[in-house]
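Read through the structure below, which is laid out as structure tokens, and then see the notes.
The values are calculated or read from the model by the stated rules, or taken from the named source; none is laboratory data. Please read all numbers here as calculations on a predicted model, not as lab measurements. Here the Cβ is made from the backbone with ideal geometry for all residues, glycine too, and neighbour counts use every protein chain on show. Each accessible area value is taken on the protein alone, full model and side chains, heavy atoms only, with ligands, DNA and RNA left out. Shrake-Rupley method; radii C 1.70, N 1.55, O 1.52, S 1.80 Å.
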Amino acid sequence: MTDEEWEQARRDRVRRYYEMESDRVAGAVECGHRLWELLHHGLQMAAAEGASRMGAEHLLLHMLRDPAAIPTRELAEMGLDPGTVFARLAEATRRDTHTS
């Protein structure tokens with residue numbers, strides 16, 4: 001098996017596990033509209049910077065734009081400026097996108 005085939009097999013296993021786990025909890029947990037919005041904007045941010053995949057960093061970047069989001073409020077409570085965190089994370093994400 002080539003490295004690509006191993007990677008695809010790994011992704012397929014993860015996807016199957018996720019689907020089984022999703023089916024198991026689907027009746028108990030519902031995704032809210034803010035989560036769908038977060039995913040949508042995360043995809044937009046990833047595409048805008050030329051990334052070939054959306055990562056957690058894109059989701060966090062979008063959350064940091066929302067002053068009402070829990071992570072943003074908590075960062076402010078810890079004395080961190082969410083705008084500064086956003087700028088540093090955005091720069092790190094751009095560097096990683098262009099070096100990967």
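Things worth noting here:
- Unmet criterion (only one of (1) open to solvent by less than 60 Å² (accessible area, probe 1.4 Å); (2) within 15 Å of the chain's Cα centre (by Cα); (3) at pLDDT 80 or above) for Thr97: (3)
- Looking across segment 60-100, the residues that are in a helix (DSSP H, G or I) and hydroxyl-bearing (Ser, Thr, Tyr) come down to Thr72, Thr84, Thr93, Thr97, Thr99.
- Some residue of segment 43-53 being farther than 21 Å from Gly32 by Cβ, touching an Asp or Glu at 6+ places or on another chain (Cβ under 7 Å) and either in contact (Cβ under 8 Å) with a residue 40 or more places away in the chain or open to solvent by 80 Å² or more (accessible area, probe 1.4 Å) (or both): no
- From Arg24, Arg13, residue being open to solvent by 100 Å² or more (accessible area, probe 1.4 Å) and at pLDDT 80 or above: Arg13
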